[in-house]
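Below is one structure, written out as C-alpha cells; comments come after it.
Computed from the coordinates by the stated procedures, all read-outs in this text should not be read as laboratory data. Small disclaimer: the values here were computed from a predicted structure and weren't measured. With ideal geometry, Cβ positions are generated from the backbone for all residues, glycine too; neighbour counts draw on all protein chains shown.
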Amino acid sequence: MPFFAGLYKWYTNERLRKVMIMVTQAAGLFSGFALIMIGVFSEDSMAQHVFWSDVFFAFNLIVLILANVSLITHPKFLRPIAYYGFIVALINLLFVVASNTPVLEWFTVFTALGYVALLSYNTLRPRA
C-alpha cells in the first residue's frame, strides 16, 4: 500500500496523466486490501479466499495497465519497465481467464513484484 501512495511522485501538470495515476493509486490500494483479505481468509475458508484472490488479481491487472499507460510517455519513465509491465499484465490476464494453477498464480505474483521493484527503482533513481 505505501508503494501506491508513493506514486504521487509521478504527478505532472497534465490533467489526464495525473487522474490516471490517481485512479491507479486507488485501484492499487484496493488491491492491497484484497491481498490482506487473502491472508485473513486462508484456504480453509475456500469461498472467501477465492473471492478475495479473484478481486486481487483483477485489480492487479487494472493497476498494471493503468500504471503503464499513464507513465509510458512520461519523459523520466524508463520504457523497458513499461514493456515489462505490459508483459506482466498479459501474464496476469492469462492467469485470470485461463488457469487457476498454483504455479501460474505464483509466477504471476512474482512477476508483478518484479514490476513493483523496477517501478520503485525508476521512481527513486537520481535524475540528471
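General remarks:
- Average Cα contact separation per residue, region 1-76, under 8 Å, 6 or more apart, as relative contact order %: 33 percent
- Tilt relative to the chain, helix 15-40 - C-alpha long axis, 0 to 90 degrees, to 10: 30 degrees
- Segment M46-R15, length gained on full extension (0.36 nm per residue, minus Cα span): 6.9 nm
- Where labels lie 7 Å past Cα in the beta-carbon direction, separation of F3 and I72 in nm: 2.0 nm
- Farthest toward positive dipole pole in region 2-124 [+1 Lys/Arg, -1 Asp/Glu at C-beta], among G39, V96, W10: W10
- D_trans [Stokes-Einstein, Kirkwood Rh over alpha-carbon pairs] for region 36-88, 4 °C, 1.567 mPa s, µm² s⁻¹: 103 µm²/s
- Once the Cα atoms are used to define both axes, helix 79-98 deviates from the longest principal axis of the chain by about 20 degrees.
- Normalised by 2.2 N^0.38 Å, where N is the number of residues, the alpha-carbon radius of gyration of region 1-68 equals 1.26.
- Computed over the chain, relative contact order equals 23 percent, with contacts defined as Cα pairs under 8 Å that lie 6+ residues apart.
- Taking S53, S31 and counting other C-beta atoms within 10 Å, the order from fewest to most: S53, S31
- For peptides 109-115, 9-15, sequence by mean Cβ density within 10 Å, most packed first: 109-115, 9-15
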